[in-house]
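Right, one structure below, let's go through it.
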Amino acid sequence: MTILLYAIRRLVQAVPVVLLIMVGTFLLLHLAPGDIVDALVGDMGGADAAYIARLRAEYGLDEPVWVQLWIYMGKLLTFDFGWSFVHEQPVSVILFDRLGTTLLLMITSLSFAFSIGVALGAIAARRAYSLTDNIISTLGLIFYATPSFFLGLMFIVLFSVKLGWFPVGGVQTIGSFYTGWDRVIDIARHLVLPTASLSLIFLAFYLRLMRATVLEVAELDFVRTARAKGAAEGRLMIHHIMRNALLPVVTLFGLQFSTLLGGAVVVETIFSLPGLGQLAYQAVTQRDMNVLMGIVFLSSILVVVVNFLVDLLYARIDARIELT
Amino acid sequence: MSLADPIAPGGATPTRASVFWRRYRRNRAAVLGLVLLGGVLAMAALAGFYEPGNPLRRAAAPLIPPFTDLAVPLGTDQLGRDILAGILHGARISLLIGLVATLLSIGFGVLVGAVAGYFGGWVDDVLMRITEAFQTVPNFVLLLALVAILGSRIEYIVLAIAIVSWTAPARLARAEFMALRKREFVEAVRNLGVGHSSIIFREILPNALPPVIVYASVIMALAILLESALAFLGLGDPNYASWGNMIGQGRAVLRTDWYVAAIPGVAIVLTVLSFSLVGEGLNEALNPRQKKG
């Protein structure tokens with residue numbers, strides 16, 4: 001019951017942030033040169049002034065800004081982002097069509113970065129200042145400084161062009177019509193390089209933080225007590241140290257999710273994955289502001305949801321947090 | 001401050017700079033970062049000597065591989081532009097964009113954080129909700145939206161990068177101000193009748209700045225990465241040589257001449273690495289208690 005109350009309280013706290021983001025997207029749309037009527041008239045190849053004025057009235061663009069903001073926010077609440085004149089479709093249809101690919105890329109990248117980063121960080125900390133630690137830490141530093149687009153291109157050169165192990169782009173082989181497990185394996189092979197290029201920088205984040213916190217926790221009194229009582233090293237590591245060292249890493253997980261979504265723009269563009277990121281890039285070059293603002297809003301909602309889930313997870317694994 | 005620190009009360013105290021350097025030097029990686037940073041600065045300084053004219057001009061035959069022609073040591077791209085000239089001039093642009101964007105974001109972030117942390121109450125609530133909203137929107141997506149609206153002029157790109165990166169310094173400054181505002185020295189000047197703005201800027205700010213300055217190196221590295229990603233997508237200012245743009249152009253000949261994209265990429269990695277290493281060294285030297293491991 002307490003966890004339910006806690007969840008409700010966290011949700012209520014997110015409300016003002018979501019409202020502010022709504023106002024922000026509205027302001028950005030207004031700052032952008034040209035409105036929906038300009039786009040319509042441009043599509044028709046010109047119209048006379050009286051007709052344009054009537055169109056403006058029809059779309060509510062002659063109302064005061066406050067009224068327009070109210071209408072816009074009401075529409076956002078139902079995920080109505082308007083019409084895309086480039087795709088000739090409602091924006092929400094395009095967005096939800098693309099959401100799956102992006103989520104798939106996010107989930108694979110985060111799981112890879114989290115599991116490998118945590119494991120490598122723990123190994124590096126247990127053998128602090130040894131050769132193993134030095135190699136892992138140096139790799140971490142280099143991944144930390146490498147932009148994902150550069151990494152992606154070099155992966156393509158090495159693994160697609162020179163070695164031919166993985167496909168250059170796309171989410172599945174065109175015209176293959178695989179079904180069942182063949183299709184899953186095909187998609188997985190297409191996702192290896194994008195996942196690797198997106199996740200290595202986050203892997204470096206987790207690795208560095210994990211190494212630092214394991215070193216810190218290993219010095220604490222309760223670990224010494226456990227060791228004095230004769231706990232085996234393996235049990236000590238997993239049961240006593242890792243469980244406590246994971247807490248800051250989980251926090252970072254939530255904080256980094258928004259950065260990861262941003263990184264998807266570049267990676268999806270390089271590997272021509274039909275996701276939200278690639279759509280965002282296309283929307284900028286095609287000046288499709290409704291789609292772009294829809295992505296800004298939808299991705300922010302995604303971040304809010306993920307942070308909410310991370311908070312719940314955090315409350316679950318850290319018994320010290322009081323759920324009041 | 002540990003017991004090993006050679007500051008004896010009354011005796012000949014070493015200058016603050018030499019103590020600082022001794023602590024900084026302990027971290028070998030940080031020293032390497034300083035050397036790399038020096039290299040990047042030298043590249044930016046030498047750009048004018050190596051190529052006084054336009055680095056985007058056609059210098060030789062297209063696609064000369066690196067280390068084969070002395071006139072163009074790092075080779076040329078598919079339009080015959082000298083890659084070394086692009087790298088040197090790109091160092092200038094990266095550093096310039098990084099520096100100005102960092103100053104803007106730190107300046108604005110510290111202002112917001114200072115006001116929120118100092119006054120607290122509803123001012124803090126409102127400012128922190130706004131900060132959270134900015135943190136929630138994925139920063140690269142917001143950057144794309146801003147560039148789509150403002151355009152690709154270099155000034156606007158700097159401004160857009162600052163707009164997406166001011167939140168972290170704001171939170172840092174807020175935490176420092178909240179910790180410092182109840183301290184005795186602040187109470188003392190307040191009782192003397194000193195005004196709010198004077199307390200914020202002349203009394204608290206100098207004490208709150210060190211962690212923010214350390215964080216500036218992180219923002220600098222992030223700003224350089226953001227700019228290069230924009231330029232890579234072809235959304236940067238086309239009038240300047242930029243590492244990201246060079247990589248984007250190199251993508252067209254990736255299959256045959258991958259060095260066109262690889263060389264500027266290495267330049268970005270080394271520059272970002274230098275800033276994060278220097279930042280870590282500064283952090284350890286300025287906050288010795290936080291030293292890990």
Answer in debye to the nearest 20: the dipole magnitude of the stretch A:2-91 about its Cα centre, from +1 Lys/Arg and -1 Asp/Glu charges placed on Cβ, is 620
Relative contact order in percent for the stretch B:99-226 (Cα pairs under 8 Å, 6+ apart) equals 39
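Taking square-rooted eigenvalues a ≥ b ≥ c of the alpha carbon gyration tensor, is chain A rounded, prolate or oblate, where a/c under 1.5 means rounded and, failing that, a/b exceeding b/c means prolate? Present the calculation step by step, with values, prior to reporting the outcome.
Values: a/c = 2.85, a/b = 1.62, b/c = 1.76.
Cα axes put chain A in the oblate bin.
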For the protein assembly as shown, just say rounded, prolate or oblate: build the C-alpha gyration tensor, square-root its eigenvalues into a ≥ b ≥ c, call rounded for a/c under 1.5, and beyond that prolate if a/b exceeds b/c, oblate if not.
-> rounded
At a Cα cut-off below 13 Å, give the aspartates and glutamates reachable from residue A:229, other chains included and same-chain residues fewer than 8 away excluded.
-> A:221
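Nearest 20 debye, what's the magnitude of the dipole of chain B about its Cα centre given +1 on Lys and Arg Cβ and -1 on Asp and Glu Cβ?
Values: 24 positive and 18 negative charges, 137 e Å.
Here the size comes out at about 660 debye.
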Hey, can you list the DSSP H helices of chain B whose Cα span along the axis is 18 Å or longer and whose average Kyte-Doolittle score is at least 0.0?
-> B:28-50, B:83-119, B:121-136, B:167-180, B:205-232, B:259-286
For the stretch A:22-121, whose charge dipole is built from +1 on Lys and Arg Cβ atoms and -1 on Asp and Glu Cβ atoms, the candidate among A:103, A:71, A:50 with its Cα farthest towards the positive end is A:103
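Roughly how many debye, to the nearest 20, is the charge dipole of chain A about its Cα centre, given +1 on each Lys and Arg Cβ, -1 on each Asp and Glu Cβ, and no other charges? Before the final figure, lay out the partial values.
Working: 21 positive and 22 negative charges, 329 e Å.
Here chain A has a charge dipole of around 1580 debye.
To make sure I understand, if each residue's beta carbon is the centre and we count other beta carbons within 10 Å, what order do A:217, A:303, B:126 fall in, fewest to most?
On the way: A:217 20, A:303 23, B:126 13.
Going from sparsest to densest Cβ surroundings: B:126, A:217, A:303.
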Most fluctuating residue of A:274, A:194, A:16 in a GNM of chain A with Cα springs under 10 Å: which is it?
-> A:16
Of B:58, B:181, B:190, which is the most mobile in a GNM of chain B whose springs link Cα atoms less than 10 angstrom apart?
-> B:190
Would you order A:225, B:271, A:173 from fewest to most other beta-carbon atoms within 10 Å of each residue's own beta-carbon?
-> A:225, A:173, B:271
Once Lys and Arg are counted +1 and Asp and Glu -1 for all other residues with Cβ under 9 Å from that of residue B:114, the total becomes 0
Can you list residues whose amide H is under 5 Å from residue A:89's amide H, if they're 5+ apart or on another chain and H is modeled 1.01 Å from N?
-> A:84
Provide the net charge surrounding residue B:86, with neighbours chosen by a C-beta distance below 10 Å and charges set as Lys +1, Arg +1, Asp -1, Glu -1.
-> -2
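What net charge do the residues around residue B:189 carry, taking every other residue with its C-beta under 14 Å from that of residue B:189, with Lys and Arg at +1 and Asp and Glu at -1? Please report the intermediate quantities before stating the final value.
Values: positive: B:181, B:182, B:183, B:190, B:202; negative: B:184, B:187, B:203.
Here the charged neighbours net out to +2.
Relative contact order for the stretch A:1-142 using alpha-carbon pairs under 8 Å, separation at least 6, rounded to a whole percent?
Details: 42 pairs, mean separation 17.1, N = 142.
Worked out over the stretch A:1-142, it gives 12 percent.
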Top positive-direction residue, dipole computed over the protein assembly as shown with Cβ charges, set B:70, A:242, A:115 = A:242
Could you name the aspartates and glutamates whose alpha carbon sits less than 14 Å from that of residue A:162, not counting residues in the same chain fewer than 8 places away?
-> B:257
Looking only at A:202, A:150, A:114, which one moves most when chain A is put into a Gaussian network model with springs between Cα atoms under 10 Å?
-> A:150
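Using DSSP H assignments, which helices in chain A have an axial alpha-carbon span of 27 Å or above and a mean Kyte-Doolittle hydropathy of -1.0 or higher?
Sorted by number, the helices that extend far enough and score high enough are A:2-31, A:91-126, A:180-218, A:243-270, A:289-317.
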At most 14 other Cβ atoms within 10 Å and a DSSP loop assignment: could you name the chymotrypsin sites (Phe, Trp or Tyr not before Pro) in the stretch B:8-75 that fit?
-> B:67
Rank A:87, A:14, A:34 by how far each Cα sits towards the positive end of the charge dipole of the stretch A:2-91 (+1 on Lys, Arg Cβ; -1 on Asp, Glu Cβ) and give me just the farthest.
-> A:14
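Computed from the coordinates by the stated procedures, all read-outs in this text should not be read as laboratory data. All figures in this text were calculated on a predicted structure; none of them were measured in a lab. Positions of Cβ are backbone-derived with ideal geometry, glycine not excepted, and every protein chain shown enters the neighbour counts.
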